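> This is the structure, below, for whatever I ask next.
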Amino acid sequence: MSFRDDLSLAADWADAYLARVAELPVAARVSPGDVRRALPVSPPEHGEPFEAMLRDLDEVILPGLTHWNHPRFFAWFANTGSEPGVLAELLIAALNVNAMTWLSSPAATELEATVMSWLAELFGLPSEWHGHIEDTASTATIAALAAARRLKPGGVVYASEQANFSVEKAARLVGLEFRAVEVDDAFRMRTDFPLDDATAVVATVGTTGTTSVDPVPELARRCAEAEVWLHVDAAYAGAAAACPELRWAMEGVEHADSLVVNPHKWLFTPMDCSAFWTRRPEVLHDTFALVPDYLAATQDAVDLKDFGPALGRRFRALKLWFVLRWYGAEGLRALIREHVRLAQLFAQLVEAEPGWEVVAPHPFSAVCFRKIDGDNDEIARKATATGELFVAASKLRGQSIIRLAIGNAQTTEDDIRRSWEVLKSSAR
């Protein structure tokens with residue numbers, strides 16, 4: 001068969017999968033080693049037809065996948081590999097460009113600058129900031145802390161005890177000490193910790209545990225006085241700033257030194273795509289720029305390899321461009337607002353049920369809740385084992401809780417009500 005024939009088979013498979021994903025068990029029903037045992041020990045000696053690969057995808061791989069594109073995937077931070085993103089990924093692979101320098105693919109660099117400018121406008125960020133795309137917020141945080149270390153080597157990185165563990169990991173990778181800061185009653189980072197030994201502070205807009213928003217304005221004021229780098233991790237909740245009524249969450253970020261928002265979390269872009277901005281690009285350039293003879297710089301051009309850890313860079317801007325054009329600002333706002341509405345509905349269902357409680361503020365699309373006298377770890381496990389939904393258990397102030405995070409473009413009110421019934425049933 002020709003490439004065109006195989007392309008049709010792949011398109012049919014992808015279309016059928018997206019149409020039926022809601023009918024599949026959300027979580028994989030395999031044990032460790034099951035998939036490995038179903039695969040050959042050695043690579044094939046001779047080439048195989050594409051149809052054989054699709055058959056094994058259906059029979060071996062698919063049963064061992066957790067379906068993040070399922071409308072009732074509510075664990076961690078739900079996301080959507082939307083139709084425009086899926087189509088863009090195909091074209092990205094077909095083009096197969098490396099956007100490391102302007103010369104290596106001029107349009108890829110300039111499109112990246114354009115979509116980052118579009119995003120900055122969508123979120124109400126300063127238009128003069130430098131922006132580029134990293135793979136994940138983890139990498140963006142490494143870049144930010146490496147830049148901070150360039151200015152103040154050997155100090156401490158402070159972040160909330162509710163911050164994502166990737167902040168501590170990034171601090172380790174760049175050789176800085178990490179210290180967790182206590183939170184207030186609303187799970188926001190306290191601001192009364194000392195900064196005399198600080199290299200950087202990482203504030204979070206939408207923490208992983210509770211989606212709380214740290215007091216960025218006060219942290220920015222203190223960091224400016226102490227000449228300490230302030231990085232804002234808005235990987236999840238930053239996308240909410242597309243809606244004017246939710247832009248309060250980003251108050252003060254204009255005074256930060258760097259900021260990250262993940263379109264692959266709540267802006268319907270397939271993994272991986274992390275938008276990273278800085279108001280101090282010269283520090284990042286001093287930190288990362290190296291120009292070997294075989295990658296000579298182009299006059300008046302920007303080489304994005306000089307602003308982050310990676311040399312090779314995928315053409316991620318293409319899928320973000322497609323998503324922004326497919327939905328438009330109005331369409332993106334409508335989806336985000338619907339997710340917020342569904343989260344508030346779920347919180348109301350929990351609060352109305354005797355023996356259950358919501359345990360943290362829920363301004364965005366995630367709700368932390370628990371059965372007061374129940375084993376919440378076991379409830380989450382049982383509910384997920386039904387195949388109807390996927391929720392993750394966690395701990396908050398020493399108590400076991402359950403998190404339900406909404407982020408899929410296909411999630412409906414029926415999915416929320418159906419999931420709540422499964423959770424209640426699992427608790428019995």
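> Tally the residues that are more than 29 Å from Ala78 (Cβ to Cβ) and touching a helix residue (DSSP H, G or I) at 6+ places or on another chain (Cβ under 9 Å), restricting the search to the stretch 218-253. Give the steps one after another, and end with the answer.
Of the residues in the stretch 218-253, the ones more than 29 Å from Ala78 (Cβ to Cβ) are 218, 220-229.
Checking which are touching a helix residue (DSSP H, G or I) at 6+ places or on another chain (Cβ under 9 Å) leaves us with 220-221, 223-224, 227-229.
Total meeting the criteria: 7.
> Leu9 fails exactly one of the following numbered conditions: (1) part of a loop (DSSP other than H, G, I, E, B); (2) more than 19 Å from Met271 (Cα to Cα). What is the number of that condition?
(1)
> Could you check the stretch 275-299 and list, in sequence order, the residues that are within 24 Å of the chain's Cα centre (by Cα), under 14 Å from Ala146 (Cβ atoms) and not in a helix (DSSP H, G or I)?
Result: Phe276, Thr278, Arg280.
> Within the stretch 272-312, track down each residue that is among the charged types (D, E, K, R) and out of contact with any strand residue (DSSP E or B) (no Cβ under 8 Å at 6 or more places or on another chain). Give the steps one after another, and end with the answer.
Restricting attention to the stretch 272-312, the residues satisfying the condition of being among the charged types (D, E, K, R) are 272, 279-280, 282, 286, 293, 300, 303, 305-306.
Asp272, Glu282, Asp286, Asp293, Asp300, Asp303, Lys305, Asp306, listed by residue number.
> Taking Thr199 and the conditions (1) farther than 18 Å from Glu168 by Cα; (2) touching a Leu at 6+ places or on another chain (Cβ under 8 Å); (3) among the hydroxyl-bearing types (Ser, Thr, Tyr), which numbered condition does it fall short on, given that it satisfies the others?
Exception for Thr199: condition (1).
> In the stretch 397-406, is there at least one residue being buried (at least 20 other Cβ atoms within 10 Å of the Cβ), farther than 22 Å from Pro25 by Cα and among the aliphatic types (A, V, I, L, M)? Don't jump to the end; show me each part of the working.
Applying the first criterion (buried (at least 20 other Cβ atoms within 10 Å of the Cβ)) to the stretch 397-406 yields 401-406.
From what's left, farther than 22 Å from Pro25 by Cα: 401.
Next, from what is left, pick out any that are among the aliphatic types (A, V, I, L, M): 401.
Within the stretch 397-406 (the criterion being buried (at least 20 other Cβ atoms within 10 Å of the Cβ), farther than 22 Å from Pro25 by Cα and among the aliphatic types (A, V, I, L, M)), the answer is yes, since at least one residue qualifies.
> Kindly establish whether Trp68 is in a helix (DSSP H, G or I), open to solvent by 10 Å² or more (accessible area, probe 1.4 Å) and closer than 18 Å to Trp266 by Cβ. Reasoning before the result, please.
On the way: in a helix (DSSP H, G or I): no; open to solvent by 10 Å² or more (accessible area, probe 1.4 Å): yes; closer than 18 Å to Trp266 by Cβ: yes.
No.
> For the stretch 300-405, list the strands (runs of 3 or more DSSP E) that sit wholly inside it and hold at least 1 residues that are under 18 Å from the mean Cα position of the chain (by Cα) and among the basic types (Lys, Arg); which are they?
399-405
> Just give me the residues in the stretch 78-112 being part of a loop (DSSP other than H, G, I, E, B) and hydroxyl-bearing (Ser, Thr, Tyr), in sequence order. Don't jump to the end; show me each part of the working.
To start, the set of residues in the stretch 78-112 that are part of a loop (DSSP other than H, G, I, E, B) comprises 78-82, 96-105.
Those that are part of a loop (DSSP other than H, G, I, E, B) and hydroxyl-bearing (Ser, Thr, Tyr): Thr80, Ser82, Thr101, Ser104, Ser105.
> Still on this structure, please answer the following. All but one of (1) under 20 Å from Met271 (Cα atoms); (2) open to solvent by less than 70 Å² (accessible area, probe 1.4 Å); (3) assigned to a helix (DSSP H, G or I); (4) touching a Leu at 6+ places or on another chain (Cβ under 7 Å) hold for Trp118, so report the exception by its number.
(2)
> Another question, if that's okay. Going by the structure shown, is Leu318 modelled with pLDDT of 95 or more, among the hydrophobic types (A, V, I, L, M, F, W, C) and closer than 18 Å to Trp102 by Cα? First the steps, then the outcome.
Working: modelled with pLDDT of 95 or more: yes; among the hydrophobic types (A, V, I, L, M, F, W, C): yes; closer than 18 Å to Trp102 by Cα: yes.
Taking the combined requirement at face value, the residue satisfies it.
> Return the only residue of Val323, Val367 being touching a Pro at 6+ places or on another chain (Cβ under 6 Å), crowded, with 20+ Cβ neighbours inside 10 Å and hydrophobic (A, V, I, L, M, F, W, C).
Details: Val367 fails: touching a Pro at 6+ places or on another chain (Cβ under 6 Å).
Answer to the selection: Val323.
> Hey, another quick one. One residue is enough: does the stretch 342-350 have a residue meeting the conditions closer than 27 Å to Asp184 by Cα, without any contact (Cβ under 8 Å) to a residue 24 or more places away in the chain and not polar (S, T, N, Q)?
Taking every residue of the stretch 342-350 in turn, at least one turns out to be closer than 27 Å to Asp184 by Cα, without any contact (Cβ under 8 Å) to a residue 24 or more places away in the chain and not polar (S, T, N, Q).
> Something else about it: Of all residues in the stretch 213-248, which are assigned to a helix (DSSP H, G or I) and under 12 Å from Ile336 (Cβ atoms)?
Within the stretch 213-248, the subset assigned to a helix (DSSP H, G or I) is 216-226, 237-242, 244-248.
Once the filter is applied, which keeps residues that are assigned to a helix (DSSP H, G or I) and under 12 Å from Ile336 (Cβ atoms), the stretch 213-248 yields Ala237, Gly238, Ala239, Ala240, Ala241, Ala242, Pro244, Glu245, Leu246, Arg247.
> When the residues of the stretch 1-60 are narrowed to those that are under 27 Å from Ala383 (Cβ atoms) and among the hydroxyl-bearing types (Ser, Thr, Tyr), which ends up most open to solvent (accessible area, probe 1.4 Å)?
Within the stretch 1-60, the match that is most open to solvent (accessible area, probe 1.4 Å) is Ser31.
> Regarding Val60, is this residue among the hydrophobic types (A, V, I, L, M, F, W, C), within 30 Å of Asp414 (Cβ to Cβ) and more than 23 Å from the chain's Cα centre (by Cα)?
On the way: among the hydrophobic types (A, V, I, L, M, F, W, C): yes; within 30 Å of Asp414 (Cβ to Cβ): no; more than 23 Å from the chain's Cα centre (by Cα): yes.
In short, no.
The values are calculated or read from the model by the stated rules, or taken from the named source; none is laboratory data. None of these values were measured; they are calculated from a predicted model. Positions of Cβ are generated from backbone atoms using ideal geometry, with glycine treated the same way; all protein chains shown enter the neighbour counts. Just so you know, the surface numbers come from the protein's heavy atoms only, side chains and all, with ligands and any DNA or RNA stripped out. Shrake-Rupley method; radii C 1.70, N 1.55, O 1.52, S 1.80 Å.
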